[in-house]
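**Q** Pasting in a structure now, in structure tokens, and then I'll have a few things to ask.
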Amino acid sequence: MSEPTDRTFEDALAELEGIVRELEDGSTGLEQALARYEAGVGLLKECYAKLRDAEQRVLKLVGTDEDGAPKLEPFAHTSAVEPDSPPKRRKRE
């Protein structure tokens, strides 16, 4: 695994988006495209690691204790993306 960098999530994501644009453009040669793809995979892993670290720091307010101080607990992760479901059939009118 690559060494952690001090690059921000936003900088890593912007660089990853640039690589995607380059690869979609199709103007790079095979060797350069493979090198950029590998760099993109590394950036993707870096972004996921930064998101995972941020998620672990998120706390959820669950109420207050008897002194009125907020009670905090770790954030429970749930997917924001619904799983694929078969398309619904429309009734004919």
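Every number here is computed from the coordinates shown, using simple stated rules; none is lab data. Note that the structure is a prediction, hence the values are computed from the model and not measured. In this analysis, Cβ positions are derived from the backbone assuming ideal geometry, glycine residues included, and neighbour counts consider all displayed protein chains.
**Q** Residue by residue through the range 15-34, note down the ones that are without any contact (Cβ under 8 Å) to a residue 12 or more places away in the chain and surrounded by 13 or more Cβ atoms within 10 Å (Cβ to Cβ).
**A** As a first pass, look at the range 15-34 and keep what is without any contact (Cβ under 8 Å) to a residue 12 or more places away in the chain: 17-18, 21, 24-34.
If the condition is that a residue be without any contact (Cβ under 8 Å) to a residue 12 or more places away in the chain and surrounded by 13 or more Cβ atoms within 10 Å (Cβ to Cβ), then Gly18, Thr28, Ala33 are the ones that fit.
**Q** Okay, next question. How do the pairs read when you match residues in the range 38-58 that are in contact (Cβ under 8 Å) with a residue 12 or more places away in the chain and surrounded by 11 or more Cβ atoms within 10 Å (Cβ to Cβ) with residues anywhere that are part of a helix (DSSP H, G or I) and of a type in the set (S, T, N, Q), using Cβ under 8 Å and keeping only pairs 6 or more apart or on different chains?
**A** Between residues of the range 38-58 that are in contact (Cβ under 8 Å) with a residue 12 or more places away in the chain and surrounded by 11 or more Cβ atoms within 10 Å (Cβ to Cβ) and residues that are part of a helix (DSSP H, G or I) and of a type in the set (S, T, N, Q), there is no close pair.
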